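Asks: What follows is a structure written as structure tokens; I'll ask about it next.
The values are calculated or read from the model by the stated rules, or taken from the named source; none is laboratory data. All values reported here derive from a predicted model rather than from experimental measurement. We place every Cβ from the backbone using ideal geometry, glycine too, and count neighbours over all the protein chains shown.
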Amino acid sequence: MTTMTKTKKTAAKTTKRRSAIVPAKPERYTVVIEDLVVAIERMDDGWYMVTCPFDRELVTQGRTLDEAVAMARDAKQTLAEARAKPSKLAVSGGKA
């Protein structure tokens, strides 16, 4: 009888761990915004995290799906502007 009780406790612990790791309703979306493909995932705190599988620098978030998409558009534009500007870290023609 002791063995059965231990087995039940072990099973209960395993179940608790699984429910803590796997969310009840995982929400993941792949969205095409103009010419940009992004992955949107709902986090445990309710916010939506946006990442781009083709551009690791594009990471943003929003409280709603609409806000997350708007933030992704803004992040795309901001990255494009930043990349178009010459870098201040570029070394000029041999001057010290």
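Each row is one residue, and each column tells you yes or no for (1) modelled with pLDDT of 60 or more; (2) basic (Lys, Arg); (3) assigned to a helix (DSSP H, G or I); (4) surrounded by 10 or more Cβ atoms within 10 Å (Cβ to Cβ).
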{"position": "Thr14", "(1), (2), (3), (4)": "no, no, yes, yes"}
{"position": "Tyr29", "(1), (2), (3), (4)": "yes, no, no, yes"}
{"position": "Val38", "(1), (2), (3), (4)": "yes, no, no, yes"}
{"position": "Thr51", "(1), (2), (3), (4)": "yes, no, no, yes"}
{"position": "Ala72", "(1), (2), (3), (4)": "yes, no, yes, yes"}
{"position": "Pro86", "(1), (2), (3), (4)": "yes, no, no, no"}
{"position": "Val91", "(1), (2), (3), (4)": "no, no, no, no"}
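Asks: Confirm whether Ala96 is in a loop (DSSP other than H, G, I, E, B) and either at pLDDT below 95 or out of contact with any helix residue (DSSP H, G or I) (no Cβ under 7 Å at 6 or more places or on another chain) (or both).
Replies: yes
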